[in-house]
Amino acid sequence: MLILEPACKISFWKAFHPMMTGFMLNCILPGRIGEMARPVILQKKENVPFSTGLATVVAERIFDSSILIILFGAILAFVEIDPQLSISFGEYNLNRETLITIGGNVFKLMIILIAAIILFSFNSTRQGIKWTINKIPPLFSLTSVSLKNKIQKFCASLICFVNNLSNGFSFIKYPAKICICIGLSFIIWGLSALSFYIMSLGCPGIGLSYLELFAVMIIICFFIVIPSVPGFWGVWEAGGVFALSLFSIPVKEAAGFTLANHAMQIFPIIIAGVLSAMFTGGKTLQILKERERNI
């Protein structure tokens with residue numbers, strides 16, 4: 001809601017329901033389709049331009065990736081990862097090298113997304129992009145009238161997309177909002193780690209501190225970047241066993257804790273997402289299909 005506010009002011013619940021619906025779809029459908037669901041629902045229900053809603057998803061991923069990279073750097077500095085430790089998951093071997101590779105890829109993605117925001121935030125670069133788009137239709141002046149009309153229509157839609165996307169990134173002009181978002185992100189990560197710690201208190205054989213379980217959570221978050229089934233089933237558990245093994249937790253106890261914790265993390269999101277989808281009309285998949293046909 002804070003990220004979207006400079007472009008479109010909507011209430012907390014009107015921003016909450018599309019977000020939870022998207023999270024729920026990520027848990028039950030492949031391809032992380034939930035990332036597209038949020039801007040589509042905002043467009044359908046709140047008349048927020050699709051590209052503006054999409055920009056808020058990109059911005060949110062930047063905040064998450066940035067903090068994840070910072071926390072991962074702290075883990076590498078204070079937690080020794082045995083280079084010989086390896087856990088198999090399908091065609092992947094989860095080990096120190098895999099973890100560092102994923103961390104590097106997340107960092108590169110973060111830089112690309114930040115560059116995109118900067119590109120669309122400066123009026124000169126934005127005008128340059130639109131100028132380039134406007135130069136496309138004259139290149140087809142010798143083609144049929146119907147083709148020229150289609151190209152002109154496409155270019156007009158593309159310019160509108162650029163304008164709406166830049167509106168979605170307009171939060172960058174408000175340093176106070178950026179600071180609040182960063183602070184809230186740290187709080188959310190801290191509360192997530194707290195849920196790991198509280199659950200560990202009822203699991204025999206775990207006995208780790210809050211900071212140690214914070215490290216376990218961060219390592220799991222990196223490993224679930226690996227392509228897997230919806231809801232990250234399998235890779236979450238393999239990543240959890242790997243992370244807990246760093247603190248000398250036996251495989252049996254690590255697997256039991258990680259599976260139970262995964263269920264406790266995922267099922268409330270699915271339930272909340274289903275309720276949010278019902279609240280917004282319960283036709284999320286139909287809306288997504290309509291969007292695909294329009295594209």
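The values are calculated or read from the model by the stated rules, or taken from the named source; none is laboratory data. Predicted, not measured: the structure shown is a model, and the values here were computed from it. Here the Cβ is made from the backbone with ideal geometry for all residues, glycine too, and neighbour counts use every protein chain on show.
Brief remarks follow.
- Residue 282 over 29 Å from residue 38 (Cβ atoms), out of contact with any helix residue (DSSP H, G or I) (no Cβ under 8 Å at 6 or more places or on another chain) and either outside any helix (DSSP H, G or I) or modelled with pLDDT of 90 or more (or both): no
- Scanning region 232-259 for residues that are without any contact (Cβ under 8 Å) to a residue 60 or more places away in the chain and of a type in the set (Gly, Ala, Ser) returns 240, 243, 248, 254, 255, 256.
- Test result for residue 205, more than 20 Å from the chain's Cα centre (by Cα), farther than 21 Å from residue 35 by Cβ, modelled with pLDDT under 90 and of a type outside the set (Ser, Thr, Tyr): yes
- Top-ranked residue in region 146-193 [being of a type in the set (Phe, Trp, Tyr) and in contact (Cβ under 8 Å) with a residue 12 or more places away in the chain; ranked as nearest to residue 218 (Cα to Cα)]: 189
- Residue match in region 45-63 (condition: within 21 Å of residue 267 (Cβ to Cβ), in a helix (DSSP H, G or I), acidic (Asp, Glu) and out of contact with any Lys or Arg (no Cβ under 6 Å at 6 or more places or on another chain)): no
For (1) under 25 Å from residue 121 (Cα atoms); (2) under 25 Å from the mean Cα position of the chain (by Cα); (3) of a type in the set (Ser, Thr, Tyr), each residue gets a yes or a no:
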residue	(1), (2), (3)
155	yes, no, no
160	yes, yes, no
185	yes, yes, yes
195	no, yes, yes
219	no, yes, no
233	no, yes, no
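- Among the conditions (1) in contact with a helix residue (DSSP H, G or I) (Cβ under 6 Å, 6 or more places away or on another chain); (2) assigned to a helix (DSSP H, G or I); (3) under 24 Å from residue 121 (Cα atoms), the only one that residue 41 does not satisfy is (3).
- Yes/no for residue 188 being loosely packed, with under 15 Cβ neighbours inside 10 Å, in contact with a Phe, Trp or Tyr (Cβ under 9 Å, 6 or more places away or on another chain) and closer than 29 Å to residue 15 by Cβ: no
- Residue count for region 210-245, restricted to those that are in contact with a strand residue (DSSP E or B) (Cβ under 9 Å, 6 or more places away or on another chain), under 21 Å from residue 32 (Cα atoms) and among the aromatic types (Phe, Trp, Tyr): 1
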